[in-house]
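Participant: Below is one structure. I have some questions about it.
The values are calculated or read from the model by the stated rules, or taken from the named source; none is laboratory data. These numbers come from a predicted model, not from an experiment. Cβ atoms come from the backbone with ideal geometry, glycine included; neighbour counts cover every protein chain shown.
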Amino acid sequence: MRSACLIAAALALSGCTLRPLYGGGGSGAVAQTLQSVSVAPIGGRAGWLVRTALQDRLGSPAANPRYRLEVELDDDIEGFGIRSDDSVTRERRTLRARYRLVEEAAGTVVLDATAGSDAGIDVVSSEYATVAAEQTALERLSKEIADQIVTRVAVYASRSGRAQ
């Protein structure tokens, strides 16, 4: 009985369609697609951080990139955790991105999605420490947003099987 269950499980797993996202290494379809993406400028400090993180993850694009990544950000800090004297004790920094992957040759949008993350910040008596914590949160959120965007573009490339 036990061996029959093991054989059945082995047969079920062999039919699994899981495959590595970056199969083929640097010459695979996903790696080739990621290397053919240029990132359009994004306004503001948060935009600079996200664009830099995206460029780090995507690598330098080819001379004639096949795709252009356009990103719009929404950065918000909201106070909550109010004391009896109406002072804020906690903040939430939220960074949301709407991004579009545009095929340069046709000018068509092939991927339109959103990414987002948030971080909690303790508000302390030192204003400098609070501002530093807000900036650190923005840096971390920018990297998380970039990771989400690159992962989604990689999944698109994997499913479409497109390479440059």
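Participant: Of the residues that sit in region 109-126 and are outside any strand (DSSP E or B) and not polar (S, T, N, Q), which one is nearest to Thr151 (Cα to Cα)?
Facilitator: Val123
Participant: Now for a different question. Looking for something surrounded by 13 or more Cβ atoms within 10 Å (Cβ to Cβ) and modelled with pLDDT under 90 - is there at least one such residue anywhere in region 51-58?
Facilitator: No, region 51-58 has no match at all.
Participant: Select from region 132-164 the residues that are of a type in the set (S, T, N, Q) and either surrounded by 19 or more Cβ atoms within 10 Å (Cβ to Cβ) or under 22 Å from Asp75 (Cβ atoms) (or both) and list them in ascending order.
Facilitator: Gln135, Thr136, Ser142, Gln148, Thr151
Participant: Please verify whether region 105-113 includes one or more residues that are closer than 19 Å to Thr52 by Cα and within 14 Å of the chain's Cα centre (by Cα).
Facilitator: Scanning region 105-113, I find no residue that is closer than 19 Å to Thr52 by Cα and within 14 Å of the chain's Cα centre (by Cα), so the answer is no.
Participant: Is it true that Leu13 is loosely packed, with under 10 Cβ neighbours inside 10 Å, modelled with pLDDT under 95 and under 19 Å from Ser158 (Cβ atoms)?
Facilitator: When the stated conditions are applied, Leu13 does not pass them.
Listed here are the residues, each with its yes/no results for (1) outside any strand (DSSP E or B); (2) under 16 Å from Ser38 (Cβ atoms); (3) of a type outside the set (Ser, Thr, Tyr).
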residue	(1), (2), (3)
Val71	no, yes, yes
Gly81	no, no, yes
Glu91	no, no, yes
Leu95	no, no, yes
Tyr99	no, yes, no
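Participant: What number of residues within region 79-103 satisfy the criterion of being at pLDDT 90 or above and over 17 Å from Val131 (Cα atoms)?
Facilitator: Count: 8.
Participant: Related question: Is there a residue in region 148-161 that is over 18 Å from Gln32 (Cα atoms), part of a helix (DSSP H, G or I) and within 17 Å of the chain's Cα centre (by Cα)?
Facilitator: Taking every residue of region 148-161 in turn, at least one turns out to be over 18 Å from Gln32 (Cα atoms), part of a helix (DSSP H, G or I) and within 17 Å of the chain's Cα centre (by Cα).
Participant: Can you confirm whether Ala129 is part of a helix (DSSP H, G or I), surrounded by 16 or more Cβ atoms within 10 Å (Cβ to Cβ) and hydrophobic (A, V, I, L, M, F, W, C)?
Facilitator: no
Participant: The conditions are (1) among the aliphatic types (A, V, I, L, M); (2) in a strand (DSSP E or B); (3) exposed (fewer than 13 other Cβ atoms within 10 Å of the Cβ), and Ala106 fails exactly one of them. Which is it?
Facilitator: (2)
Participant: May I pose another question? Among the residues in region 89-97, are any exposed (fewer than 15 other Cβ atoms within 10 Å of the Cβ), in contact (Cβ under 8 Å) with a residue 40 or more places away in the chain and closer than 25 Å to Ala29 by Cβ?
Facilitator: no
Participant: So, in region 27-39, of the ones that are among the hydrophobic types (A, V, I, L, M, F, W, C) and more than 24 Å from Thr136 (Cα to Cα), which residue ends up modelled with the highest pLDDT?
Facilitator: Applying the filter and picking the extreme gives Val37.
Participant: Is one or more of the residues making up region 49-58 in contact with a strand residue (DSSP E or B) (Cβ under 8 Å, 6 or more places away or on another chain) and β-branched (Val, Ile, Thr)?
Facilitator: Yes: one or more hits.
Participant: Additional query: Quickly run through region 65-87 and pick out the residues that are exposed (fewer than 15 other Cβ atoms within 10 Å of the Cβ) and farther than 23 Å from Glu144 by Cβ.
Facilitator: Of everything in region 65-87, those that are exposed (fewer than 15 other Cβ atoms within 10 Å of the Cβ) and farther than 23 Å from Glu144 by Cβ turn out to be Ile82, Arg83, Ser84, Asp85, Asp86, Ser87.
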